[in-house]
Amino acid sequence: MAAPLMDRFYIGGEFVRPAAGATDAVVNPATEAVIGDAPVGGLAEIEQAIAAAREAFDRGPWPRMAPAERAAALERFHAELIARRAVFEQLLVIEAGCTTQLSSFMFDYPMKHLRFAIQMLGREHVQIFPPVIAPNMGGGLSVLTTVVEREPIGVVAAITAYNFPFSIAIFKIAAALAMGNTMVLKPSPFTPFVTLAIAQAAHAAGFPPGVLNIITGGAAEGAVLTSDPRVDMVSFTGSDGVGSAIMAQAAPTLKRTLLELGGKSAMIVRADADMAKAVPAGVMSFTMHCGQGCALNTRHIVHNSIRKAYVAALKAAVGVMSVGDPADPATAVGPLIRASARDRVERYVEEAKASGATLAFGGRRPPGLDVGYYFEPTVFDDVANTSALSQDEIFGPVAAVIGFDTDEEAVALANASPFGLSGAVFSRDVGRAYEMARQVRTGGIQVNCVPLDMSAFSSMGGVKRSGIGRELGLDGLYAYTSQKSITMEAG
Ligand code: NAD
């Protein structure tokens with residue numbers, strides 16, 4: 001498949017072949033065929049990439065440019081990405097196992113946030129406070145004005161997850177670069193080519209050398225990036241376990257860390273819920289991208305008076321979904337990323353069966369799909385919220401249905417989780433649903449909908465083991481800045 005230059009890192013504005021020549025085979029999860037060999041980052045190239053980003057920040061034009069000039073460069077980047085849309089959508093299918101139904105959303109969604117970052121460069125991000133009269137250390141009084149500016153943080157090491165490889169990379173590039181930082185980006189070893197294709201768009205856009213550097217590799221390369229003293233900030237999207245390792249790696253050099261981690265979100269369905277809304281939302285909440293979404297609501301907390309009917313409706317809806325080749329436009333559910341991911345899902349399913357949960361649908365590899373890492377959408381009823389099925393992020397197409405009797409119980413069940421990323425409440429009593437949504441400890445939550453998209457002004461992130469900090473929206477831009485207060489004697 002490899003487009004030209006996909007076998008090289010992007011460092012200091014040049015495409016660089018790894019000196020050691022090491023590569024890693026990248027597999028299409030639908031066919032198990034190797035689609036190409038990605039370079040694996042040797043220490044020498046990571047050193048070069050960090051040095052290039054440092055130089056570009058300390059002495060290059062990027063952080064010193066007028067915001068309008070940075071906006072123009074990001075606008076060119078936007079155009080170059082759009083020009084490669086077909087390449088990205090194809091890579092999302094063959095590399096990440098994303099269905100063609102989903103690939104255009106996976107492209108458009110981050111582009112909207114890139115556009116938002118460009119637009120926000122047209123705004124002033126400076127606060128000026130009213131004058132105060134204050135005593136001077138040397139005696140006498142001064143009339144003082146304080147101006148608070150936002151400065152870039154410096155060199156950002158960005159490390160991304162495999163499931164939304166284009167979106168997550170663009171979120172981080174857009175915000176960090178718009179705010180004047182420079183970056184070294186490392187994608188998941190499962191999905192390097194999408195990110196290497198972004199390097200081609202960045203090169204064509206003509207960013208100054210070293211502003212955006214892209215290397216590929218795995219945990220070892222990520223560990224170097226997150227511990228090097230020349231890196232000022234780590235922006236990470238991935239699992240909670242790796243997130244906590246990264247925090248430890250970044251601690252000795254006291255880097256700022258932005259952590260967007262996993263979830264086990266709860267969807268509360270009250271007895272008065274509109275089932276025509278709740279059921280399709282429930283289905284999407286564990287089948288979209290084969291359950292490989294951080295914010296998916298994989299715990300369905302359903303009022304006991306309607307639980308059996310809800311489970312029957314889920315079964316009926318899931319039963320007609322087509323599982324298979326993600327390249328086929330008719331396919332609704334594609335594969336898991338690797339055999340190891342499917343093995344993990346299977347272990348949870350077997351454990352749930354043994355623990356007394358009721359398997360209502362699925363629970364096996366789809367018959368007839370012997371090649372590819374497929375697993376049937378699976379529904380368990382009568383699940384204990386304390387079970388591994390309810391507590392752990394499985395990252396596969398498995399829903400756990402848990403019953404409740406009172407609103408207080410529903411909220412308590414939703415909150416009895418190590419995670420706090422997303423969630424939903426379905427009820428015809430919107431006021432009550434809103435009240436309950438407020439009581440669920442998460443970074444975001446929805447009422448009577450589970451939309452794919454949200455306002456570009458809205459930020460995303462988690463509490464508890466789902467993360468630290470916010471991505472997207474204005475707060476997401478400010479996450480890549482530090483504030484500087486300049487106090488002046490009023491003239
Ligand atoms: P992962 O944590 O296994 O890997 C993520 C990245 O970390 C990869 O690039 C990997 O090479 C790198 N890495 C691994 N060990 C490292 C180390 N010690 N130091 C530095 N880097 C290291 O995650 P994954 O399996 O690629 O992605 C799935 C996870 O990502 C899920 O938990 C999902 O919920 C989460 N996720 C979160 C969000 C969000 O916005 N909150 C979005 C997408 C995915």
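The values are calculated or read from the model by the stated rules, or taken from the named source; none is laboratory data. It should be emphasised that the depicted structure is a prediction, and the values quoted were computed from it without experimental measurement. As a convention, Cβ positions derive from the backbone with ideal geometry for all residues, glycine included, and neighbour counts pool all protein chains shown. The area values use the complete protein model at the heavy-atom level, side chains included, leaving out ligands, DNA and RNA. Shrake-Rupley method; radii C 1.70, N 1.55, O 1.52, S 1.80 Å.
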Tally up the carbon and sulfur contribution to the accessible surface of the chain as a whole percent, 1.4 Å probe, everything protein left in place. 58
Which of the aspartates and glutamates could a cross-linker span from residue 464 if the Cα-Cα distance has to be under 13 Å and same-chain partners fewer than 8 positions apart are dropped? 240, 260
Taking +1 at the Cβ of each Lys and Arg and -1 at the Cβ of each Asp and Glu, which of 21, 431, 205 sits farthest along the dipole of the chain towards its positive end, judged by Cα position relative to the Cα centre? 431
Report the relative contact order of the chain, percent, no decimals, based on alpha-carbon pairs under 8 angstrom and at least 6 residues apart. 18
Formal net charge of residues neighbouring residue 127 (Cβ-Cβ distance under 14 Å; K, R +1; D, E -1): 0
Taking the chain and counting helices only, DSSP H stretches of n ≥ 4 at -39,500 (n - 2.57) each over all residues, the nearest-500 ellipticity at 222 nm comes to -12000 deg cm²/dmol
What list of ³J(HN,Hα) values in whole Hz, one per residue of segment 381-395 in order, does the Karplus curve 6.51 cos²θ - 1.76 cosθ + 1.60 (θ = phi - 60°) give from phi, with Gly and Pro shown as x? 10, 6, 8, 7, 5, 8, 6, 4, 4, 8, 8, 9, 7, 7, 6
Per residue solvent-accessible surface (Å²) - segment 335-466, probe of 1.4 Å: 42
Note to self: C-alpha centroids of segment 470-491 and segment 284-308 sit apart, in Å, by 38
Segment 266-455: relative contact order as a whole-number percent, Cα under 8 Å and 6+ apart: 28
Cα lying deepest toward the dipole's positive end in segment 336-460, options 372, 449, 402, charges on Cβ: 372
How big is the gap, in Å, between the Cα center of segment 338-405 and the Cα center of segment 163-216? 34
With charges only on Cβ, +1 for K and R and -1 for D and E, what is the dipole size of the chain about its Cα centre, in debye, rounded to 20? 480
Label point distance in nm, residue 32-residue 454, each placed 7 Å from Cα along Cα→Cβ: 3.9
Counting trypsin sites (Lys or Arg not before Pro) as exposed when in a DSSP loop with at most 14 other beta carbons within 10 Å, what is the longest stretch of the chain free of them? 124-363
